[in-house]
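Trainee: Here's a structure for you.
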Amino acid sequence: MLIQKVKRPPKTEIELEMVDGKPQTLTVKNLERFLLGELTLAQVQGITMEQAYAYAQLGYNVLQQGKLEDARKVFEGLVVLNPYDAYFHSVLGSVLARQENKDRALKEFTIAINLESQDPYVFVNRAELLLEREQYDDALEDLNMAIKLDKTGKHPAIQRAKTLLAATKKRTQGTRKKAGK
């Protein structure tokens, strides 16, 4: 099993200091809290989640245009700013997989899942990479989890998950029969 929970800092408000009548986030206290893992770099820099997701939308648009290297840079930057956001890791994993950097992609998908991702796409994407590595049991687990996460049965990734699940079960049953199991 590849899922392992990641310890996240508690949701916390950043403390602002007023300097010359302007709020400042880059303070000694906030830097200390950052070094202790209580704040993200985005918080220390004063970047809100709304702003980070606006950058993510720009990165996604670049990805849709096929500019993989630019998209990779955007999402790597977002992961640096907030390493506790599953979506940023997930999209970075997708970009890396398309760039044929499968080892790093697998790591990013795993981080996204470990951050408690509820997105079936992440499980299906990781399952595909696991299938390429012939790690069938782990892939089956991810495909089943993706299907379980979809309460409505309408998520776009679910048809892909069901198809992969059926093909993988058929293949592993054939392999197990040949091995005499």
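The values are calculated or read from the model by the stated rules, or taken from the named source; none is laboratory data. All values reported here derive from a predicted model rather than from experimental measurement. Here Cβ is always computed from backbone atoms with ideal geometry, including for glycine, and neighbour counts include all displayed protein chains.
Trainee: Of everything in region 132-169, what is of a type in the set (A, V, I, L, M) and either assigned by TED's automatic domain parsing to the domain that holds E100 or over 21 Å from K102 (Cβ atoms) (or both)? Give them in sequence order.
Mentor: Once the filter is applied, which keeps residues that are of a type in the set (A, V, I, L, M) and either assigned by TED's automatic domain parsing to the domain that holds E100 or over 21 Å from K102 (Cβ atoms) (or both), region 132-169 yields I147, L149, I158, A166.
Trainee: So, one more: Assess whether L129 counts as being more than 20 Å from A56 (Cβ to Cβ), buried (at least 17 other Cβ atoms within 10 Å of the Cβ) and in the same structural domain as Y55 (by TED's automatic domain parsing).
Mentor: Criteria not met by L129.
Trainee: Just for helices (runs of 4 or more DSSP H) wholly inside region 98-181: which have at least 1 residues that are modelled with pLDDT under 95, over 30 Å from K67 (Cβ atoms) and touching a helix residue (DSSP H, G or I) at 6+ places or on another chain (Cβ under 9 Å)?
Mentor: Fully inside region 98-181 and qualifying: 136-149, 156-179.
Trainee: So, of the residues in region 65-97 that are assigned to a helix (DSSP H, G or I) and of a type in the set (S, T, N, Q), which turns out to be farthest from K151 (Cα to Cα)?
Mentor: Among them, the one singled out is S94.
Trainee: Taking L35 as meeting all but one of (1) closer than 29 Å to R160 by Cα; (2) surrounded by fewer than 22 Cβ atoms within 10 Å (Cβ to Cβ), write down the number of the exception.
Mentor: Condition (1) is where L35 drops out.
Trainee: Could you say whether any residue in region 75-96 is loosely packed, with under 15 Cβ neighbours inside 10 Å, within 27 Å of L143 (Cα to Cα) and modelled with pLDDT of 95 or more?
Mentor: no
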